[in-house]
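Values quoted throughout were computed directly from the atomic coordinates according to the rules given, and no laboratory measurement underlies them. Just so it is clear, the model here is predicted, and its values are computed rather than measured. Cβ atoms come from the backbone with ideal geometry, glycine included; neighbour counts cover every protein chain shown.
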Amino acid sequence: MDKASLRREFLQKRLDLTQNEVEIKSLLIAEKTSDFLKNKSFQTIHTFLPQLNKNEIDTRKIISRLKLSFPHIVVVLPYIIPSTREMNHFIFTEETSLVENKWGIPEPDPALSKLIRPEEIDIVLIPLLAFDQSGYRAGYGGGYYDRFLAQCKTETLKVGLSFFEPVKSIEDIDKYDIRMDACILPSGVYEW
């Protein structure tokens, strides 16, 4: 299938989940993420916050779990620069002021948060709608994460998060698509 078809199909599959299913699957993904990272060496981890009206994975559960398991880590959140397809990245603490952007996604207030460069990030947790057995993903189609991942250091660990198993292949992968190193599901972890 192509990305546009996968976006439609998997967005609907996600919207069809009950709130209880989203909660349980998010908790399982948080547990699997913590287990997956326990033997990894890292200081800085980037994650997204969920767009709650789209039944996204509740990454706040991952953040809470990681803060307990890895108290030394620095958590970083994206901020979409208005009228662009670029993101800045800010350190997230309990004191960070969050504001919702036009898509209803909570983001750090850039005027009150500490900026961090992409090359300072060790692990990126990546949102997606679908992924394939080769480690490529279909996101919402804006290209924000592919542009961001291209700015990260080559050894940055790129980890997708998904409620659903992979499809066999995404037909329209291009030179701008960056393959993930792993994808974490409620049932386990795929690695490439």
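Here is the size of the stretch 109-168 from its Cα atoms: Rg then Dmax, 13.3, 44 Å.
Listed by chain and number, the aspartates and glutamates whose C-alpha is less than 12 Å from the C-alpha of Lys168, apart from same-chain residues fewer than 8 away, are Asp2, Asp132. The GluC sites (Glu not before Pro) of the stretch 1-108 that meet both conditions, a loop assignment by DSSP and at most 12 other Cβ atoms within 10 Å of the site Cβ, are Glu94, Glu95.
Against the globular-protein guess of 2.2 N^0.38 Å, express the Cα radius of gyration of the chain as a ratio, rounded to two decimals.
Details: Rg = 15.5 Å, N = 192, 2.2 N^0.38 = 16.2 Å.
My calculation over the Cα atoms of the chain gives 0.96.
Placing +1 on the Cβ of every Lys and Arg and -1 on the Cβ of every Asp and Glu, with no other charges, gives the stretch 94-169 a dipole of roughly 340 debye about its Cα centre.
When the P(r) of the stretch 90-192 is calculated, the portion above 24 Å amounts to 30% of the C-alpha pairs. Each peptide in 170-178, 70-78 was scored by the mean count of other Cβ atoms within 10 Å over its residues; highest first, the order is 70-78, 170-178. Ranked by the mean number of other Cβ atoms within 10 Å of their residues, highest first, the peptides 117-125, 147-155 fall in the order 117-125, 147-155. Taking the Cα centre of the stretch 136-192 as the origin, how large is its charge dipole in debye, to the nearest 20, when only Lys and Arg (+1) and Asp and Glu (-1) carry charge on their Cβ atoms? Dipole magnitude for the stretch 136-192 comes out near 140 debye.
Counting neighbouring Cβ atoms within 10 Å and putting the fewest first, the residues Thr44, Thr59, Thr33 line up as Thr44, Thr59, Thr33. Quick one: of the DSSP bridges fully inside the stretch 105-192, what percent are antiparallel, nearest 5? About 45 percent, rounded to the nearest 5. Cβ crowding within 10 Å, taken as a proxy for footprinting-reagent exposure, orders Asp58, Asp146 from fewest neighbours to most as Asp146, Asp58. Of the chymotrypsin sites (Phe, Trp or Tyr not before Pro) found in the stretch 19-99, those in coil by DSSP whose Cβ has at most 16 other Cβ atoms within 10 Å are Phe42. Checked against a 30 Å cut-off, the cross-linked pairs Lys67/Lys175; Lys32/Lys153; Lys25/Lys175; Lys3/Lys102; Lys32/Lys54 give Cα-Cα distances beyond that limit for Lys67/Lys175; Lys25/Lys175. Only the Cβ atoms of Lys and Arg (+1) and of Asp and Glu (-1) were treated as charged; on that basis the dipole of the stretch 27-176 about its Cα centre amounts to roughly 180 debye.
Counting each DSSP H run of 4 or more residues in the chain as -39500 (n - 2.57), what helix-only mean residue ellipticity at 222 nm follows after dividing by all residues, to the nearest 500 deg cm²/dmol? Walk me through the numbers before you get to the answer.
Details: 4 runs with 51 residues, N = 192.
One gets -8500 deg cm²/dmol as the mean residue ellipticity at 222 nm.
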